Each structure stands twice: as C-alpha cells, then as structure tokens.
Number of protein chains: 2
Amino acid sequence: MNALGKHLLLELKDCDKEVLNDIGFLKGALLAAATECGATVLGESFHQFKPQGISGVMVIAESHLFIHTWPEYGYAAADIFTCGNSVQPVKAAQILIRKLGAKNHSIIEIQRGILDTQ
Amino acid sequence: MNALGKHLLLELKDCDKEVLNDIGFLKGALLAAATECGATVLGESFHQFKPQGISGVMVIAESHLFIHTWPEYGYAAADIFTCGNSVQPVKAAQILIRKLGAKNHSIIEIQRGILDTQ
C-alpha cells in the first residue's frame, strides 16, 4: 500500500533554550536539515514572538518542514513532511535533534494520502 | 494534562479537482479558515507545481496551517496546528472540508508538547 506523503512529527524536549529563541540559528538549522536530506528549498516564513518563541516554515519542492519553539520549556515541535523517494526525512530529523541539543525526543511517523485509486 | 499545541491532520479525499490546482482559491480558503477560526495571519508561502499540485503554508500567530494538493487524485493533506485557547481549529477544518468539496475526509488530532514541567 503506497502513501503519497511521509510525515514525521518530532517532539524535541530538553533542548538548548538559547538556540530555541535564535531565529538566525533556527533558519540555518532548518536549511541544513532540508538540504542535507536532499530537498530543494522553495520558500520560508519565520516569525519571532515576544517575549520569546519562534515559528518557522520552510517550503520544499518535496513538501515542508516547520518548527515552533517554546524556549521557556526547552521544547520544540517540528514536522518534516515529504513526498517522493528522493529525500530522507529521517536524516533531516536527526540533524534537527542534534542542532537543537534535544536531550529527549520522540518521533511519530504518519503516512499521508493512502488512496484506493493509486 | 496540558498540551502546548493542538495539531489536526486532515486527509481530504474526493475533492473538487479544479480547486486543488487553483492557487488563488487555495490561498483564499486557507485565509478564510485562519481568520474565521479566530487566528491572526502573519505570513504565507504558496507554490504551484508543474504539471499540477500546490503547496501552501500560512503562518498564524497561533502556529500554522498548511496544505499540499494532488489534483490528479482529488486528494489534499492539510494540517492545522494551534496553540492557546483563543482559536477553534475544528472550525478551520470544517471550512477547508467544505471549500475543497471533500466528499470523504478523516481527521487525526495530536496533542503536541505534553511536558512534565508545565
């Protein structure tokens, strides 16, 4: 049974709190995760919240990566949604876990677009 | 047990194929979903693929909405990620289901950021 998309949901806990509030660092981390897993970046949208926290999305030709951070808890939610077989989303996940210094994490993988007509 | 974020994953099947390839329509649909559920739009990034298919992300103050469409299958994957209690993500989901003419759909709800320290 084939799925159109593979969706990884990352719970990143006990991260480096400083990097969770550093928009330049997070842009670089998502860019590294996207390019090193073989994706092509098409666009991005990042926002810094007050007093803290960042939301960022990177649209890739193979779907998207996003991150939302709560520096006060050392927590970030990140998603890696890919389609096709040319990219390795698990590699992107490993890069984010390492760059954010997440001492605890979990990953849920969900198949998207399982269709009868494929 | 409190979660920082509520994440709805929508599988939208048997949609109106024409609207799935209409970037203006999809921008309007996501904007309507965001605003009518009470969210504040901060930014967007939409891309049209050849020969068909659209990826679009709308960053909101309360997190994000995204959509990826496969017009050839009448299928779209959409996510609604919200934090706080000021928005009603289920209302946004209902708007997308209706606007895309999805004859079949499913919704998975995932709690994000369940922390021991909250």
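The values are calculated or read from the model by the stated rules, or taken from the named source; none is laboratory data. Everything numeric here is computed off the predicted structure, so don't read it as measured data. With ideal geometry, Cβ positions are generated from the backbone for all residues, glycine too; neighbour counts draw on all protein chains shown. When the accessible area is computed, the model is the full protein with side chains, heavy atoms only, and any ligands, DNA or RNA have been set aside. Shrake-Rupley method; radii C 1.70, N 1.55, O 1.52, S 1.80 Å.
Within segment B:73-112, the set of residues being β-branched (V, I, T), surrounded by fewer than 23 Cβ atoms within 10 Å (Cβ to Cβ) and touching a helix residue (DSSP H, G or I) at 6+ places or on another chain (Cβ under 8 Å) comprises B:I95, B:I107.
Within segment A:54-67, is even one residue more than 7 Å from every other protein chain (Cβ to nearest Cβ), under 22 Å from B:L115 (Cβ atoms) and open to solvent by 10 Å² or more (accessible area, probe 1.4 Å)? Checked segment A:54-67: no residue is more than 7 Å from every other protein chain (Cβ to nearest Cβ), under 22 Å from B:L115 (Cβ atoms) and open to solvent by 10 Å² or more (accessible area, probe 1.4 Å).
Within segment B:10-22, being out of contact with any Ser or Thr (no Cβ under 6 Å at 6 or more places or on another chain), touching a residue at least 60 places away in the same chain (Cβ under 8 Å) and either surrounded by fewer than 21 Cβ atoms within 10 Å (Cβ to Cβ) or among the hydroxyl-bearing types (S, T, Y) (or both) holds for B:K13, B:D14, B:D16, B:V19. Restricting attention to segment A:23-48, the residues that are open to solvent by 20 Å² or more (accessible area, probe 1.4 Å), within 24 Å of A:N104 (Cβ to Cβ) and in contact with a helix residue (DSSP H, G or I) (Cβ under 9 Å, 6 or more places away or on another chain) add up to 3.
Within 14 Å of the chain's Cα centre (by Cα), modelled with pLDDT under 95 and either under 21 Å from A:M58 (Cα atoms) or more than 10 Å from chain A (Cβ to nearest Cβ) (or both): does that describe B:S106?
It is false that B:S106 is within 14 Å of the chain's Cα centre (by Cα), modelled with pLDDT under 95 and either under 21 Å from A:M58 (Cα atoms) or more than 10 Å from chain A (Cβ to nearest Cβ) (or both).
The set of residues from segment A:68-81 being closer than 14 Å to A:C37 by Cα and more than 10 Å from chain B (Cβ to nearest Cβ) comprises just one member, A:I80. Just one of (1) more than 30 Å from B:P71 (Cβ to Cβ); (2) in a strand (DSSP E or B) fails for A:K27. It is (2).
B:L42 passes every criterion in (1) within 21 Å of A:S45 (Cα to Cα); (2) within 10 Å of the chain's Cα centre (by Cα) apart from (2). Would you point out which residue out of B:G24, B:G84, B:G28 is farther than 18 Å from A:L4 by Cβ and within 14 Å of chain A (Cβ to nearest Cβ)? Matching residue, one of B:G24, B:G84, B:G28: B:G84. The set of residues in segment B:73-105 that are more than 20 Å from B:L26 (Cβ to Cβ) and of a type in the set (S, T, N, Q) comprises B:N85, B:S86, B:Q88.
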